[in-house]
Amino acid sequence: MEGQEWENYLNRNPDLIALPDKSGPDSFFRGLCRKGYIVDDLKLNLEKIEILPDEFSWEPFPGRIVQVKTRLIQDPKLNSEPFVEFVFKEDGKRIGIDSVEFEWPPDYCFFKEDLNDDGIEELISVYQYYIVNGDNFNVKVYQLKDQGFEGY
């Protein structure tokens, strides 16, 4: 493949494999749909996602800006699954460290969005994988709590 055919292949929108929790008017799934991240029969809209770099600013609490640095740890001799380590800093001081685990291969990205319109940005991970002639994805939504991540 080459040219437009290759570009279409790389940018195809994967399918959501498991139905999410759709309960409640403020569910994160509804937010992903309302804001255009999930479209057309549970397909992920790749064009909508603004992928975060390895270092970024995040507002996990109203008026509080946290600097986040990420790195992928993927040595199969040391850990059974790859994971992304997060280091959180505020005013140059480390305030926390946490991680998010993925499967092999770790084809993931992160973006941030206020999905439930409460004024607080959630951190969203997208894990893409290919299985049985299908491009699939999983989405997890994280909020920063005093004790670390809380995922949905």
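The values are calculated or read from the model by the stated rules, or taken from the named source; none is laboratory data. The model shown is predicted, which means the values in this text are computed figures rather than measured ones. We place every Cβ from the backbone using ideal geometry, glycine too, and count neighbours over all the protein chains shown. Heads up: the accessible areas ignore ligands, DNA and RNA and are worked out on the full protein's heavy atoms, side chains in. Shrake-Rupley method; radii C 1.70, N 1.55, O 1.52, S 1.80 Å.
The single condition among (1) open to solvent by 90 Å² or more (accessible area, probe 1.4 Å); (2) touching a strand residue (DSSP E or B) at 6+ places or on another chain (Cβ under 8 Å); (3) touching a residue at least 24 places away in the same chain (Cβ under 8 Å) that Val100 does not satisfy is (1). Which residue is surrounded by the fewest Cβ atoms within 10 Å (Cβ to Cβ), if the candidates are limited to region 62-80 and must be among the basic types (Lys, Arg) and modelled with pLDDT under 90? Top of the filtered list is Lys77. Residue under question is Phe83, and the condition is that it be of a type in the set (A, V, I, L, M, F, W, C) and open to solvent by 50 Å² or more (accessible area, probe 1.4 Å); does it hold? Yes. Where residues in region 19-56 are among the aromatic types (Phe, Trp, Tyr) and modelled with pLDDT under 90, which of them is farthest from Tyr129 (Cα to Cα)? Ranking the qualifying residues of region 19-56, first place goes to Phe28. Looking only at region 103-152, residues that are over 16 Å from Arg64 (Cβ atoms), assigned to a loop (DSSP other than H, G, I, E, B), at pLDDT 70 or above and of a type in the set (A, V, I, L, M) come to 1 in all.
Please specify each residue of region 77-102 satisfying the condition of being aliphatic (A, V, I, L, M), touching a Phe, Trp or Tyr at 6+ places or on another chain (Cβ under 8 Å) and not in a strand (DSSP E or B).
Once the filter is applied, which keeps residues that are aliphatic (A, V, I, L, M), touching a Phe, Trp or Tyr at 6+ places or on another chain (Cβ under 8 Å) and not in a strand (DSSP E or B), region 77-102 yields nothing.
The requirement of being assigned to a loop (DSSP other than H, G, I, E, B), more than 14 Å from Val141 (Cα to Cα) and at pLDDT 80 or above is not satisfied by Glu59.
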